[in-house]
Amino acid sequence: MNDTIDIIGLDPSLKNFGIAKATVNIYTLEYVITDLSLHKSENEAGKVVRKNSDDLRRAKTLFDGMTEACQGAVLAIAEVPVGSQSARAMASYGICVGVLAACPIPLIQVTPTEVKMAATGKEHAAKKEVIEWAMNKFPNAPWLLRKSKGKMEPVAANEHLSDAVAAIEAGLRTQQFKQAVAMYRAMSA
């Protein structure tokens, strides 16, 4: 049996679904980010499509991306969204929760507050602070960059990738994760 397990962190959003893959040492709980991916789901611009048909297509796009990322992983940790401010945002929330419910591997849930606290120690951390934390902690991860004035700089979409990384950080602190790791340790003994 191996001393490591592969897990994924999920930051669900209808438009930008962030996924972080990591390998975790089951004894030290140290982890490395092995991949980052952003699954985009855009409206069918300019086409005459029923909104519910487009929502279904977008949900399938997100589900396919999540399912592919789960290949080889034994556990997922997701920042589960909470509430919304409008009817359309509530529909997006419902789609994301539905996609998470279909996760093909065991899923540990963390809250947005737990994610911010794990990354920055602040309950109301700004998005920029979480991005800076994640990029500083894992500078060699495949962050999204663009060339600006002759040098490579991070793009705003790293917000979703950094939240997926922070979800892993928060998930490692949960009782569920500690129990799962205890089982893996027992199996590897």
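The values are calculated or read from the model by the stated rules, or taken from the named source; none is laboratory data. Predicted model only: the values in this text are computed from it and were never measured. Because the Cβ atoms are built from the backbone with ideal geometry, glycine has one as well, and the counts that use them run over all protein chains shown.
Miscellaneous remarks
- Residue in region 131-138 that is surrounded by 14 or more Cβ atoms within 10 Å (Cβ to Cβ), assigned to a loop (DSSP other than H, G, I, E, B), of a type in the set (Gly, Ala, Ser) and touching a helix residue (DSSP H, G or I) at 6+ places or on another chain (Cβ under 8 Å) present: no
- Qualifying residues in region 138-189 (those that are of a type in the set (Val, Ile, Thr) and modelled with pLDDT under 95) - the one nearest to residue 108 (Cα to Cα): 181
- Taking region 92-105 as the range and being in a helix (DSSP H, G or I) and hydrophobic (A, V, I, L, M, F, W, C) as the test, the residues that pass are 95, 96, 97, 99, 100, 101.
- Counting the residues of region 109-137 that are under 23 Å from residue 178 (Cα atoms) and of a type in the set (A, V, I, L, M, F, W, C) gives 6.
- Restricting region 145-159 to residues that are touching a helix residue (DSSP H, G or I) at 6+ places or on another chain (Cβ under 9 Å) and assigned to a strand (DSSP E or B), the residue that is surrounded by the fewest Cβ atoms within 10 Å (Cβ to Cβ) is 145.
- Residue within region 29-38 that is small (Gly, Ala, Ser), over 16 Å from residue 164 (Cα atoms) and either surrounded by fewer than 20 Cβ atoms within 10 Å (Cβ to Cβ) or modelled with pLDDT under 95 (or both) present: no
- Residue list for region 106-130, restricted to those being among the polar types (S, T, N, Q) and outside any helix (DSSP H, G or I): 109, 111
- Within region 160-187, being assigned to a helix (DSSP H, G or I), of a type outside the set (Gly, Ala, Ser) and touching a residue at least 40 places away in the same chain (Cβ under 8 Å) holds for 160, 161, 163, 165, 168, 169, 176, 177, 181, 184, 185, 187.
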